[in-house]
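Participant: Pasting in a structure now, in structure tokens, and then I'll have a few things to ask.
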Amino acid sequence: MNKLIFNFTGLYASMDLLPKDFEMIDCTGIRGAELYIDEEAEGILQKLIDERGAEGVHLVDNGNYHYMTRLFLKTIGEPFDLLYFDNHSDDQPPAFEGLHSCGSWVLDARESIGALCNITWVDGNGKIHSSGKEASEDRPLYISFDKDVLSKEEVPTNWDQGILSLKQIYEIADKYIKGRRLIGADICGGCVSTDGIFPSEDLIKNEAVDLELIKYFLSRLN
């Protein structure tokens, strides 16, 4: 099972308590990858993901890199459903034609990944939206989690946020995971640095939530 950390901004290098058995992949030198991803950057990242696959738990930095989920989904070679938690739908056409973005990855996945059968979105108020075929326990599930769905009191991120707690997240996720095989899960969302320095209190809260989510998803994968 993969345990991957994609470090774009230096966020994870500033965290001391993340599990040592996770593979840290240095992405700080990849150009054309923040918010929007160009063809060259996508090729580099897709190769890294193709070599590893979607199985396991993946940390993909702050919400500017949520497009990474689509790259994981492209490697799944069987019909599957997607459950994602996000304060934003990420289902909008990108502002620049021909580029994929952190806000278009759901739309891009729906239009390009034939194995993706159902998409269920849990928004920042806990409202559930479903599209595509009806979700089915007969199909495996992939989960994508953006921490901006949580309240600012729970964890601060670089995007406007919802009002949910981790307890509410676990209750919702368990209903969808029950009786199904969980392929993998990715986690994004985080604080941003000023001159390379991350606010210490924000960093501590983000690391604590990452650890909680890692523990939760690993327990559902075993």
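The values are calculated or read from the model by the stated rules, or taken from the named source; none is laboratory data. Treat the numbers as computed from the prediction; the structure is a model and nothing was measured. For neighbour counting, all protein chains shown are included, and Cβ atoms are generated from backbone atoms with ideal geometry for every residue, glycine included.
Participant: Just one of the numbered conditions (1) free of Cβ contacts under 8 Å to residues at least 40 places away in the same chain; (2) more than 27 Å from E42 (Cβ to Cβ); (3) not hydroxyl-bearing (S, T, Y) is not true of W121; which one?
Facilitator: (2) is the only condition that W121 fails.
Participant: Among the residues of region 127-158 satisfying the criterion of being of a type outside the set (D, E, K, R), in contact with a Gly (Cβ under 8 Å, 6 or more places away or on another chain) and over 19 Å from Y216 (Cα atoms), which is surrounded by the most Cβ atoms within 10 Å (Cβ to Cβ)?
Facilitator: Checking each candidate, the answer is T157.
Table: residues versus (1) in contact (Cβ under 8 Å) with a residue 40 or more places away in the chain; (2) under 24 Å from I76 (Cα atoms).
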residue	(1), (2)
C117	no, yes
G126	yes, no
F145	yes, yes
S193	yes, no
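Participant: Would you mind finding the one in T69, T75 that is among the hydroxyl-bearing types (S, T, Y) and over 11 Å from the mean Cα position of the chain (by Cα)?
Facilitator: Residue meeting the stated conditions: T75.
Participant: For region 195-222, how many residues meet the condition of being at positive phi and either free of Cβ contacts under 8 Å to residues at least 60 places away in the same chain or assigned to a helix (DSSP H, G or I) (or both)?
Facilitator: Going through region 195-222 one residue at a time, the tally reaches 1.
Participant: Checking the conditions here, which among G77, G103, G43, G56 is at pLDDT 95 or above and closer than 30 Å to Q168 by Cβ?
Facilitator: When all the criteria are applied, what remains is G56.
Participant: Something else: Being part of a helix (DSSP H, G or I) and within 28 Å of A208 (Cβ to Cβ), is that true of even one residue in region 96-106?
Facilitator: Yes - at least one qualifying residue is present in region 96-106.
Participant: Assess whether Y170 counts as being part of a helix (DSSP H, G or I) and in contact with a helix residue (DSSP H, G or I) (Cβ under 7 Å, 6 or more places away or on another chain).
Facilitator: yes
Participant: So, one more: Look at region 173-188 and say how many of its residues are acidic (D, E) and in a helix (DSSP H, G or I).
Facilitator: 1
Participant: How many residues are in a loop (DSSP other than H, G, I, E, B) and either touching a residue at least 40 places away in the same chain (Cβ under 8 Å) or closer than 16 Å to L11 by Cα (or both) if we restrict to region 147-167?
Facilitator: Number satisfying all stated conditions: 9.
Participant: Could you tell me which residue of region 178-222 is surrounded by the most Cβ atoms within 10 Å (Cβ to Cβ), considering only residues that are among the small types (G, A, S) and closer than 20 Å to P156 by Cα?
Facilitator: G190
Participant: Could I ask something else about it? Looking only at region 127-148, which residues are under 17 Å from the mean Cα position of the chain (by Cα) and more than 15 Å from L82 (Cβ to Cβ)?
Facilitator: Selection gives K147, D148.
Participant: Further question on the same structure: Quick one: D91 ticks every box in (1) out of contact with any helix residue (DSSP H, G or I) (no Cβ under 6 Å at 6 or more places or on another chain); (2) under 26 Å from A135 (Cβ atoms); (3) surrounded by 18 or more Cβ atoms within 10 Å (Cβ to Cβ) except a single one, so which number is it?
Facilitator: (1)
Participant: Same structure again: Restricting attention to region 107-124, which residues are surrounded by fewer than 19 Cβ atoms within 10 Å (Cβ to Cβ) and in a loop (DSSP other than H, G, I, E, B)?
Facilitator: I113, G114, A115, D123
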